[in-house]
Each structure stands twice: as structure tokens, then as C-alpha cells.
Amino acid sequence: MSDNPAIKLSEATLQALSPEVRIPTYRRDELKQHTVHIGVGGFHRAHQALYLDDLLAVPGSERWGECGVGVLPADDRMRDALCGQDCLYTLVERSGDGQTARVIGSLVDSLHAPSERETVIERMAAPDTRIVSLTITEGGYFLDEGTGNFLADHPAIQYDVQHPEAPATSLGLIAAALDRRRQRGLPAFTVMSCDNLQGNGDITRRVLLGFTGLGNPALQQWIAENVAFPNSMVDRITPVTTAADRAFVAEHFKVQDAWPVVAEPFRQWVIEDHFCNGRPAWETVGAQMIQDVAPYEIMKMRLLNGSHLAMAYLGALAGFIYVHEILADPLFRSFIAAFMEEVTPVVPFIPGTSVTEYKQTLMERFSNPTINDQVTRICSEGSAKHPKWLLPSIVDLNRKGGRTKLLSLVVAAWIFYLGHGRNERGEPLEILDARAGELTKLAASADLSPVPVLQVRTIFGEQLPANAAFVKAVEKAMRSLAAEGTRSTIQAWMRD
Ligand code: CS2
């Protein structure tokens, strides 16, 4: 590498970047903001924005650009970083074979709802807007996991119902924009969830209808008749960007980028072809447009996301920092493989897809030593992830009479992690979860009993806490974790 200084990323400096860095080949000033995307984190920038960037490079494709929106107060940092570099950013793809960098150009504006609310609502209400897409994380849908109902009593929802023209949640913002379109006689936009929820489109429809039903039944009916909510399955492992990643992009690729993103080479996107106001021709650039994504979603969540939960809390307790380190440990590796075997009876059959190959690919992806995926990342928001990625497997296996021993150990490890606060090296564990306060207290309240946590109905529902065998299995595993530690417990649980 030369000693040249890094060049600050912007539209004006694109041509001056090292030829090693791929740059947009299309004119960004011609792009129309047809998509407004809520939740511009690493994952969106490594996935959907990349597919669009690929599509824009195809000659003759529609000039379909997007505007990013952050809804959380702290999202002003991403808006400022992006706006400071003309909404361009560097995507680094890393594998054992090396790394490549490209500048993504499909994002053309970036807004921050808490400080620019009216602009955000008007952007979504604008005639050009045809899709509003979402990566607002599993917890962003205000869904009661126990009942599957919309959390109508949640204070954030109640606030938005009282302030329909000044909402703070994604649901409130979307509803306000759709109401303006309705009143102006404009066609609706499609609402496309790209979060890891089974039936993400169906859920989005349910919560948006639930929300509008509280204060605006006319809008509720208009949405029911006019808005499309396609389900989709999205996949790409995208670690949290670190200071080291920024420094690497500057040193290695000579790009000074306030917020680059690093991802694995693998990517997959399966989308139900159900849109009410047009869509980009994603199928030209590798997305699968199909009629029913449910089996793809279930396979991915139960095997990929479920395995992440399986390694997360046991891995954190054992003191691992990165996912690939867990996979490099023979005991943990065989545990993850055995976990996948246990889940396999409730993984749907997809014609043309081999579950065996899918699992092998997952092991390789998890083992990628170059992306440094963080254990803290996969541990975060366990209260939103368990009901979506792990508990349904237990319920379905119970129904089928299948084994759930390792799955119960995973639940035990999570509750033990919540109550214990330290890993086996005595180092404090940082628990990142919207419900951390409540859950850590419950987990620590009863001496190695999972019952107080299992009784949180909005996470565990009715069925599992009433299943005495399940409760006993979780308790036994927690006691073993406390007495024997993670390694001995994993060994013992895999033995029989
Ligand atoms: C992960 C996912 O958040 C998590 O715990 O399992 O972010 C995972 O990396 C993605 O779903 C991969 O597509």
C-alpha cells in the first residue's frame, strides 16, 4: 500500500479514489427517491442498499434511489455521518480469500425523524415514494410475543395515538404519511419489512392495522384495501462497525469514511412478489421473487439465527469475544452442529434446497475469521430474539415428540447469563436488551430457578411455562451451569 493520505469520501472525490475501490458507475443526481428506508444500520447498508446499487449499475434499469431515515434519538449520528459524505459509504466484503471495497451510491438522502419529523412524513407522503422499507429490529414492531397481538397499551403507541401528526414510532410515522396520501388522492406505497420475523409482512400489516384502528378507523380501512405488505427473508452477517474498521478502510483502501460497513461475502434475499406501487427489478441482481417465503424464513431463523442464540450466551459465559473463536473451539463447534441436528425435524422442506448443505454453509459462514462478528452483538436483545428464533422450535418439537434437550440448555444459558452478570473469568457482562432492567432482576430473584423469567408471558407465552418437563429441563441446565460451568455442561448435555 502507498503512503498516500486517505481521501475524504464525497461525490466530488469519487474519481480520485484508488482503483482498488469500486465506485458507482451511474449518475446519482438522476435517482428518484422511490424508497424511504427506516433503520439505516449496518445490515441495511450491506444488504438492500447493495442490491439496489447493483441494479443501478445495470444499463437501462429504472433510476430507483432511496432516502434513509433513523427513528431513534441516537440515529442522528448516522444521519450526520452520511450527510457529511453525500450519503456515500464504503462496503467491505471479507473472507479468507481477501477483501474488496466498494462505494455504494443508492442512498441519496438521510434524515433523522426525531429532529426532522415533518420532513420525514412529507418524504414518505411524496408522490415519488413507492416503497417504505423497514429494518427496525425484532423489537420495533410492538408485538406481544405471548399472544401475537399488537401491544396497543404500550406508552410509545399511546403517545403516537394521541399525537397522530407528531408521532415518534415507525408505525406512527408510516400511518401519518399514508393518511396524507389518502387525503391527497395519491396511491399507497408498499410497506416492506426486512426484519427477521416469521411472516414479517403479515406482522407489519397486523400491527399497522392495530395501530390505525386505535385512532383512525377510516385510515385503517384504506390501508387494508390499498397497502401491500410482502413477506421477505433477508440474510447477510453484518458485524457492528468498529473504530478498527474505520482505521482499516483509511489505511488499506485510503478512504476516509465516517461510517463504513463490513460484511461477509454471502447474501440472500427472498421476497414475496406482492407490491402495490411498483418495485425495482431485484430479480436481475440475484434476489428471488416468489409467491411464498415462509419456508425460507423458517429455515433461516431456526438454523442461522437460532444457532446464533445457541452460541451467544454459552459463548459469552465462557468468555469468547468473537463468533469465529467459538466455532474454532471443537467442543462448541460440535455443540452447534448438534443443536442444528436437534432443530432439523422442524425445518421445512424447500424443493431444490438441501438442508444438509445449508447447515454446512452456515458452519463455514460462522467460522469466517475475517469479519470479527461480535458475541455482544448476537447476545443483544435476547428478549426479542428468543420468541422469534428459538421458542417456536421448542413448541413445534414438543408437538412432534422430538428432542429439545439442547434447546432447553440454550434457554437456561440465557436466563443464567441474565441473572449472573459475570462470565466464567469473572469479568462483568454487558447486557444489551431493551428489557434488561426487568429481566436481570427477575433472573437473579430466585436462586437458580428459571420460573420468574419464564413467567414473562410477553416473551414465553402460555404454553411453555405450563410445560413442567420444559421448566424442569431449564432448571436442571441452569444448576449445572452454575455448578459445573459451560464446558462440562455442554459435554454432559451432548452425551445423552
Ligand atoms: C443475528 C442476525 O442479530 C443476531 O443475533 O442472528 O443479525 C444475523 O447475523 C442476521 O440475521 C444474518 O442474516
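Just the residues that are within 13 Å of the ligand (Cβ to nearest atom), more than 21 Å from Leu397 (Cβ to Cβ) and open to solvent by less than 40 Å² (accessible area, probe 1.4 Å), please, taken from region 344-379.
Passing the criteria: Arg365, Phe366, Asn368, Ile371, Asp373, Gln374, Val375, Ile378, Cys379.
Would you point out the residue of region 96-118, among those that are open to solvent by 60 Å² or more (accessible area, probe 1.4 Å) and of a type in the set (S, T, N, Q), that is nearest to Val255 (Cα to Cα)?
Narrowing region 96-118 to residues open to solvent by 60 Å² or more (accessible area, probe 1.4 Å): 96-97, 99-100, 114-115, 117-118.
Going one step further and asking which of them are of a type in the set (S, T, N, Q), we end up with 99-100, 115.
Details: Gln99: 15, Thr100: 13, Ser115: 29 Å.
Looking at residues that are open to solvent by 60 Å² or more (accessible area, probe 1.4 Å) and of a type in the set (S, T, N, Q), I get Thr100.
Considering only residues that are among the small types (Gly, Ala, Ser) and assigned to a helix (DSSP H, G or I), look in region 194-224 and name the one that is farthest from the ligand (Cβ to nearest atom). Give the derivation first.
Here is the first cut: in region 194-224, the residues among the small types (Gly, Ala, Ser) are 199, 201, 210, 213, 215, 218, 224.
Within this subset, residues satisfying the condition of being assigned to a helix (DSSP H, G or I) are 201, 210, 213, 215, 218, 224.
Working: Gly201: 17, Gly210: 25, Gly213: 31, Gly215: 33, Ala218: 37, Ala224: 30 Å.
Among those residues, the one meeting the criterion is Ala218.
Quick check on my filter: what residues within region 273-301 are within 16 Å of the ligand (Cβ to nearest atom) and open to solvent by 40 Å² or more (accessible area, probe 1.4 Å)? Step through it out loud before you land on a result.
Residues of region 273-301 that are within 16 Å of the ligand (Cβ to nearest atom), as a first pass: 286-288, 293, 296-301.
Within region 273-301, Gly286, Gln288 qualify.
Listed residues Ser449, Ser408, Ser488; which is without any contact (Cβ under 8 Å) to a residue 12 or more places away in the chain, at negative phi and either part of a helix (DSSP H, G or I) or surrounded by fewer than 20 Cβ atoms within 10 Å (Cβ to Cβ) (or both)?
Values: Ser449 fails: without any contact (Cβ under 8 Å) to a residue 12 or more places away in the chain; Ser408 fails: without any contact (Cβ under 8 Å) to a residue 12 or more places away in the chain.
Within the list Ser449, Ser408, Ser488, the selection yields Ser488.
Within region 237-259, can one find any residue that is of a type outside the set (S, T, N, Q), open to solvent by 50 Å² or more (accessible area, probe 1.4 Å) and under 17 Å from the mean Cα position of the chain (by Cα)?
Checking region 237-259: at least one residue is of a type outside the set (S, T, N, Q), open to solvent by 50 Å² or more (accessible area, probe 1.4 Å) and under 17 Å from the mean Cα position of the chain (by Cα).
Are any residues in region 326-345 under 22 Å from the mean Cα position of the chain (by Cα) and in contact (Cβ under 8 Å) with a residue 40 or more places away in the chain, and if so, which ones? Quick ask: steps written out before the conclusion?
To start, the set of residues in region 326-345 that are under 22 Å from the mean Cα position of the chain (by Cα) comprises 326-327, 336, 339-340, 343.
Scanning region 326-345 gives Ile326, Leu327, Phe339, Val343.
Looking at region 134-147, can you tell me whether even one residue there is farther than 25 Å from Asp235 by Cα and assigned to a helix (DSSP H, G or I)? Let's see the steps before the verdict.
Narrowing region 134-147 to residues farther than 25 Å from Asp235 by Cα: 146-147.
Then keep just the ones that are assigned to a helix (DSSP H, G or I); that gives none.
No; the residues of region 134-147 include none that is farther than 25 Å from Asp235 by Cα and assigned to a helix (DSSP H, G or I).
Does Glu475 qualify as being closer than 21 Å to Lys388 by Cα and open to solvent by 40 Å² or more (accessible area, probe 1.4 Å)? Explain how you work it out, then say what you get.
Working: closer than 21 Å to Lys388 by Cα: no; open to solvent by 40 Å² or more (accessible area, probe 1.4 Å): yes.
Taking the combined requirement at face value, the residue does not satisfy it.
Could you list, in sequence order, the residues of region 225-244 that are charged (D, E, K, R) and within 16 Å of the ligand (Cβ to nearest atom)?
Asp235, Arg236
Sort through Ile371, Ile290, Ile378 and tell me the only one that's among the hydrophobic types (A, V, I, L, M, F, W, C) and closer than 27 Å to Val411 by Cβ. Step through it out loud before you land on a result.
Numbers: Ile371 fails: closer than 27 Å to Val411 by Cβ; Ile290 fails: closer than 27 Å to Val411 by Cβ.
Being among the hydrophobic types (A, V, I, L, M, F, W, C) and closer than 27 Å to Val411 by Cβ holds for just one of Ile371, Ile290, Ile378, which is Ile378.
Can you tell me which residues in region 36-54 are more than 16 Å from the ligand (Cβ to nearest atom) and open to solvent by 10 Å² or more (accessible area, probe 1.4 Å)? Steps first, please.
Looking only at region 36-54, we keep the residues that are more than 16 Å from the ligand (Cβ to nearest atom), and these are 36-38, 52-54.
Within region 36-54, Asp54 is the sole residue that qualifies.
Looking only at region 380-406, how many residues end up being among the aliphatic types (A, V, I, L, M) and within 16 Å of the ligand (Cβ to nearest atom)?
Start the filter on region 380-406 by keeping residues that are among the aliphatic types (A, V, I, L, M), which leaves 384, 390-391, 394-395, 397, 406.
Narrowing the set further to residues that are within 16 Å of the ligand (Cβ to nearest atom) leaves 384, 390-391.
Number of matching residues: 3.
What is the one condition in (1) away from the ligand (no atom under 16 Å from the Cβ); (2) within 27 Å of Leu303 (Cα to Cα) that Val255 does not satisfy?
The single condition Val255 does not satisfy is (2).
Can you say whether Arg267 is touching a residue at least 40 places away in the same chain (Cβ under 8 Å), of a type outside the set (A, V, I, L, M) and in contact with a Lys or Arg (Cβ under 8 Å, 6 or more places away or on another chain), as far as the supplied structure shows? Don't jump to the end; show me each part of the working.
Values: touching a residue at least 40 places away in the same chain (Cβ under 8 Å): yes; of a type outside the set (A, V, I, L, M): yes; in contact with a Lys or Arg (Cβ under 8 Å, 6 or more places away or on another chain): yes.
So Arg267 passes the test.
Leu304 is checked against (1) buried (at least 22 other Cβ atoms within 10 Å of the Cβ); (2) within 16 Å of the ligand (Cβ to nearest atom) and fails just one. What number does that condition carry?
(1)
State the number of residues belonging to region 155-203 that are under 28 Å from Gln463 (Cβ atoms), open to solvent by 20 Å² or more (accessible area, probe 1.4 Å) and touching an Asp or Glu at 6+ places or on another chain (Cβ under 9 Å).
2
List the pairs whose first member sits in region 223-247 and is under 21 Å from Ile7 (Cβ atoms), whose second member is within 16 Å of the ligand (Cβ to nearest atom), and whose Cβ atoms are under 7 Å apart, counting only residues at least 6 apart or on separate chains?
Thr241/Gly42; Thr241/Val261; Thr241/Val262; Asp245/Val262
The values are calculated or read from the model by the stated rules, or taken from the named source; none is laboratory data. Just so we're clear, the structure is a prediction, and the values are computed from it rather than from any experiment. Cβ coordinates were reconstructed from backbone atoms using ideal geometry, including for glycine residues, and neighbour counts include every protein chain displayed. Quick note on the areas: whole protein, heavy atoms, side chains included, nothing else; ligands and nucleic acids left out. Shrake-Rupley method; radii C 1.70, N 1.55, O 1.52, S 1.80 Å.
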